[in-house]
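To start, the structure under review is shown below, and the notes come after it.
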Amino acid sequence: MEIKCWFDKDTNTFTYCVYDGVTLDAVVIDSVWNFDQASGTLKKTSIECVKDFIETMCLKLHYILETHAHADHVTGAQPLKKIFPAAKIGVGTRILEVQKVFKSILNLGEKFFVDGRQFDELFVDGDEFKAGSLNLKVIATPGHTPACVSYLIGDAVFVGDALFMPDYGTGRCDFPDGNAAALFNSIQKLYGLSDSTRVFTGHDYMPNGRPTSWESTIKTQKRDNIQLTGETTKEQFVALRQARDKTLTAPKLLFPSIQINIAAGHLPQNEENGKSYLKLPITIVEL
Ligand SMILES: [Fe+2]
């Protein structure tokens, strides 16, 4: 099993292509459609890198997987599926909860369905499935969002925003239905994997100016994660996570990203002038 990784500097996001170098079967995890909010422009710069790699390597793309509905970047699932129509878009089944809550927040109307139909496959905890010769197992890892899942492929686990590199910690738990205690329980599941399991994170923020890093192991996470080692109690973690979350501002692309990502990367339906528009709920804060 081989792993190719790309880093999107604008959103600090990793996209992975996992493939069998012999059979050429492949999956892509957490793709990015580059979005410039100021101009409302979507560009396929990152998608082109993934496409070129898949085509150059003659890979067979079976799945376009999401670890969750991201709030910091727009998924590239739809443009990728357009290029590779046989690939199925998969996400955790609790995406239905995320769809419901954001349908309400964004007042998306009757035409926005909250039964997950925008995706090809909805996974539950423990699901095992094949992508050609690759065997994948789904580990539900809610906490950052209720729909978060990790994908275990061979000796590698792709954890999305459950775990970052050990010197950065864990994903925030202050989005709607995020839950620090749930994230603690999810990480205990990950820490129950073999020590040698390789951990591939969804983002890196390069603390203290160190080079971009994306790979650790369960052993190093349990030993060194600055927010949650193998010894940290649930109470300690929840207190620390909640205190940290109080200091965080909303991600820059929260509403554009979530609006598109809960629809599996589909843009809102074109209006009568042939253009698609995003919604931004306004909150007035009294001083
Ligand atoms: Fe996230």
Next on the checklist: Condition first: of a type in the set (A, V, I, L, M, F, W, C) and closer than 22 Å to Asp72 by Cα. Now tell me which residues in segment 185-219 satisfy that.
Outcome noted: Ile187, Val199, Phe200, Met206, Trp214
Item to check | Counted residues, segment 56-85 - those being assigned to a helix (DSSP H, G or I) and touching a helix residue (DSSP H, G or I) at 6+ places or on another chain (Cβ under 9 Å) | outcome: 5
Checklist outcome for this item: Conditions (1) closer than 16 Å to Gly160 by Cβ; (2) open to solvent by less than 20 Å² (accessible area, probe 1.4 Å) -> Tyr205 fails only (2)
Checklist entry - Can you tell me which residue in segment 182-219 is nearest to the ligand (Cβ to nearest atom), limited to those that are assigned to a helix (DSSP H, G or I) and farther than 18 Å from Val149 by Cβ? => result Pro207
Checklist entry - List, please: which pairs have Cβ atoms under 6 Å, are six or more places apart or on different chains, and start with a residue in segment 47-72 that is among the charged types (D, E, K, R) and modelled with pLDDT of 95 or more and end with one that is in a helix (DSSP H, G or I) and more than 16 Å from the ligand (Cβ to nearest atom)? => result Lys51/Ile83
Checklist entry - In segment 102-152, which residue that is in a helix (DSSP H, G or I) and surrounded by fewer than 18 Cβ atoms within 10 Å (Cβ to Cβ) is nearest to the ligand (Cβ to nearest atom)? => result Ile105
Next on the checklist: For segment 246-287, which positions are in contact with a Ser or Thr (Cβ under 6 Å, 6 or more places away or on another chain) and on the phi > 0 side of the Ramachandran plot?
Outcome noted: Gly265
Item to check | Residue ID - farthest from Val101 (Cα to Cα), chosen from residues in segment 145-157 that are in contact with a strand residue (DSSP E or B) (Cβ under 7 Å, 6 or more places away or on another chain) and not hydroxyl-bearing (Ser, Thr, Tyr) | outcome: Asp155
Item to check | Members of segment 208-223 that are within 23 Å of Arg172 (Cβ to Cβ), of a type in the set (S, T, N, Q) and open to solvent by less than 70 Å² (accessible area, probe 1.4 Å) | outcome: Thr212, Ser213, Ser216, Thr220, Gln221
Checklist entry - For Lys81, which of the numbered conditions (1) farther than 18 Å from His266 by Cα; (2) open to solvent by 10 Å² or more (accessible area, probe 1.4 Å) fails to hold? => result (1)
Checklist outcome for this item: Selection from segment 153-176 of residues open to solvent by less than 10 Å² (accessible area, probe 1.4 Å), away from the ligand (no atom under 12 Å from the Cβ) and assigned to a loop (DSSP other than H, G, I, E, B) yields Gly169
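The values are calculated or read from the model by the stated rules, or taken from the named source; none is laboratory data. Fair warning: this is a prediction, and the values are worked out from it, not measured in the lab. Positions of Cβ are generated from backbone atoms using ideal geometry, with glycine treated the same way; all protein chains shown enter the neighbour counts. With ligands, DNA and RNA removed, areas are computed over all heavy atoms of the protein, side chains included. Shrake-Rupley method; radii C 1.70, N 1.55, O 1.52, S 1.80 Å.
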